[in-house]
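Before any comments, here is the structure.
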Amino acid sequence: MEIPKVKLIPHPETDEAKEIVGYKWNQIAGTRYHLGGKPEGLNEADYPVCESCSNKMTFYAQIDSIGDKFDLADCMVIHNFVCFDCFTVKAQLTQINS
Ligand SMILES: [Zn+2]
């Protein structure tokens with residue numbers, strides 16, 4: 001199953017939040033948020049299998065590193081998967097080469 005891609009845009013509401021969003025030397029990292037679609041840097045053949053019922057999991061969301069202050073291991077993203085049979089969820093870090 002593939003969920004249609006929905007782009008997400010960070011919307012920091014306080015000065016403190018605005019300070020942590022984005023990178024000084026990288027204009028792409030910190031903007032790669034979306035629901036559904038395909039996870040960047042990961043092939044469908046490598047999607048995880050549900051730990052509870054062994055079904056192939058559905059890609060649900062990609063969450064980017066927030067910015068310089070809360071970077072995930074050199075601009076990695078978090079890929080979130082869900083099993084639509086038993087609603088087990090799984091998250092994993094992925095390095096995107098772009
Ligand atoms: Zn399951």
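Centre-to-centre separation between the Cα atoms of the stretch 43-67 and those of the stretch 1-17: 18 Å. Just how many pairs of Lys in the chain have C-alpha atoms closer than 22 Å, counting pairs that are eight or more places apart or on different chains? Lysine pairs, 8 or more places apart or on different chains, close enough: 11. Structure remark: mean-square fluctuation, Gaussian network model of the chain, C-alpha springs under 10 Å; the largest value among T31, T88, T14 belongs to T14.
If I compute solvent accessible area with a 1.4 Å probe over the protein chains, what percent of it on the stretch 6-94 is carbon and sulfur?
About 55 percent, which is the carbon plus sulfur part of the accessible surface.
Computed on the chain, with alpha-carbon pairs under 8 angstrom and 6+ residues apart, the relative contact order is 26 percent.
A Förster radius of 30 Å combined with the Cβ-Cβ distance from D85 to T31 puts the calculated FRET efficiency at roughly 0.40. Sorted largest first by accessible area at a 1.4 angstrom probe radius, with every protein chain in place, the residues H11, H79 fall in the order H11, H79. Taking 0.36 nm per residue of separation and subtracting the Cα-Cα distance, full extension of the segment from K24 to L72 would add 15.8 nm.
What does a probe at I63 reach in the stretch 2-19, counting residues whose amide N is under 18 Å from the point 7 Å along Cα→Cβ? Flagged as within label range: 6-13, 17-18. Per residue, the accessible area of the stretch 6-94 comes to 63 Å², computed with a 1.4 Å probe over protein heavy atoms only.
Can you tell me what percent of all Cα-Cα pairs in the chain are more than 23 Å apart? For the chain, the share of Cα pairs beyond 23 Å comes to 30 percent. For the stretch 63-68, backbone phi angles converted through the Karplus equation (6.51, -1.76, 1.60; θ = phi - 60°) give residue-by-residue couplings of 10, 7, 4, 6, x, 4 Hz, Gly and Pro being listed as x.
Working note: 222 nm ellipticity from helices only, DSSP H runs with n ≥ 4, each -39,500 (n - 2.57), summed and divided by the residues of the chain, gives -1500 deg cm²/dmol to the nearest 500.
For K24, K7, the ranking by accessible surface with the largest value first comes to K24, K7, using a 1.4 Å probe.
The values are calculated or read from the model by the stated rules, or taken from the named source; none is laboratory data. Keep in mind that this is a model prediction, so the values were computed, not measured. Quick reminder, even Gly has a Cβ in these numbers, built from the backbone with ideal geometry, and neighbours come from all protein chains shown. SASA here: full protein model, heavy atoms, side chains in, ligands and nucleic acids out. Shrake-Rupley method; radii C 1.70, N 1.55, O 1.52, S 1.80 Å.
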